[in-house]
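The values are calculated or read from the model by the stated rules, or taken from the named source; none is laboratory data. It should be emphasised that the depicted structure is a prediction, and the values quoted were computed from it without experimental measurement. All Cβ positions, glycine included, derive from the backbone under ideal geometry; neighbour counts span all protein chains shown.
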Amino acid sequence: MPGTPKKRTHRAKGRRRARGRLPLPLAAASVAGVLAVAAVGTAFAMDRSVVLDANGREQTVHTFGGTVQDVLDSAGITLEKGDVVAPPPDTRIASGDHVLLRSSRDVTVELDGHRVSHSVNALTLDEAFRQIGLDPEGIELSKDHDTRIPDGGLTVTAERAPRMVVMYDTVRTETRSTGATVADVLLAAGVDTGEHDIISPEPTAQAEPDMVIEVTPVLGEPVTEDRVIEAETVERDNPDLPEGERKVVTEPVDGLRKITTVTILRDGEEVEHEIENEVVTEPLDGLVEIGTKQPTPSGGAAAGLNWSALAQCESGGDPTAVNPSGGYYGLYQFSTTTWQSVGGTGLPSDASTSEQTQRAQQLYTTVDGNWQSQWPHCGAHLFE
């Protein structure tokens, strides 16, 4: 019977298809699960965590968008006229980026009798004045510089700070500052000084209106050297010493000072300048006593003799005479041995005229008038 095999064949094929596919409800569920997993994975991949600073209030914003505008939208922020965003709204962003938003605010300034309103994108007065173009250090405000500007704006009064001048060698800088010290004025003027620069008045000195601050630039490092302070010798009369006799009481001792110098810039030229002069040890002056005691004239026959005639013959009357052959000195040509025998010290030619005569008379008396033993050639003149 021809129709029977076809029927069997049809049923057999039907059974094979049934064994090769899932029932319809189960297949639909599997596909849905795959789509759900894929959707979750895509969502995590697109989520971006961005820090948003909106007028000083920071928050972390999650967004699936890729631009700054998407961050603002996710934070529920609508830009108003005059608002400033950095980076711009169409800038691409990534996780970890920062976005800054500053809304427009009005600041009214009454300066030197003039009232002017400004629209600024600033949180504080200090920021606002910098945006306006006024140096906050150059004016005195009725409110603190760090005062926050409210949404409704702010009105302040201001006065220009005192004018000051900084002279950096020949370079003149004029500034205004409310600073309390010279260092504050230098900072306001933008003058950067070196470690060794000479500043007058001192950096800690009080700042005053219209003051002029002089800065002398120092080139290189200071150099310190030792210098000797030479001691002097003082002479003092001693009435107990024979006239003209010298006695050293104290030897002079030199002192020491340390002098520090630097190379400075003065009128555009490099010159050496002394910045410190310290006495380490004081010098000690020496002391020499000079005798002023007049010799006592010898009594008896010696006092009445013609000593001037003897001196004229022996030395030509020169109390400093020295015999050309050496060994004899002064008016009466004493030898050093004979001079010392009658109490003389040093050289006879260094003693005064009166002392030499006194010693000669003493010698005459000591030898009992035997003048021939002392002055064999000139002694006879004693009796002229």
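Could we say that Ile139 is of a type in the set (Val, Ile, Thr), under 39 Å from the mean Cα position of the chain (by Cα) and crowded, with 17+ Cβ neighbours inside 10 Å here? So Ile139 fits the description; yes.
Checked against the criteria, Asp210 does not count as of a type in the set (Asp, Glu) and touching a helix residue (DSSP H, G or I) at 6+ places or on another chain (Cβ under 6 Å). In this entry, Thr170 is excluded by the filter for residues that are of a type outside the set (A, V, I, L, M, F, W, C) and in contact with a strand residue (DSSP E or B) (Cβ under 6 Å, 6 or more places away or on another chain).
Looking at segment 74-97, which of the residues that are aliphatic (A, V, I, L, M) and assigned to a loop (DSSP other than H, G, I, E, B) is surrounded by the fewest Cβ atoms within 10 Å (Cβ to Cβ)? Here the answer is Ala94. Residues that are hydroxyl-bearing (Ser, Thr, Tyr) and not in a loop (DSSP other than H, G, I, E, B) within segment 98-131 comprise Thr108, Ser117, Ser119, Thr124, listed in sequence order. Condition test on Glu137, is it outside any helix (DSSP H, G or I) and at pLDDT below 85? No.
Determine if segment 342-352 includes at least one residue that is at pLDDT 90 or above, surrounded by fewer than 17 Cβ atoms within 10 Å (Cβ to Cβ) and either assigned by TED's automatic domain parsing to the domain that holds Leu241 or closer than 14 Å to Ala303 by Cα (or both). Within segment 342-352 (the criterion being at pLDDT 90 or above, surrounded by fewer than 17 Cβ atoms within 10 Å (Cβ to Cβ) and either assigned by TED's automatic domain parsing to the domain that holds Leu241 or closer than 14 Å to Ala303 by Cα (or both)), the answer is no, since none of the residues qualifies. Summed over segment 244-302, the residues that are at pLDDT 90 or above, within 30 Å of Gly344 (Cβ to Cβ) and among the aliphatic types (A, V, I, L, M) give a count of 5. The strands (runs of 3 or more DSSP E) found wholly in segment 147-244 and carrying at least 2 residues that are free of Cβ contacts under 8 Å to residues at least 60 places away in the same chain and under 26 Å from the mean Cα position of the chain (by Cα) occupy 163-168, 171-176, 198-200, 212-216, 218-229.
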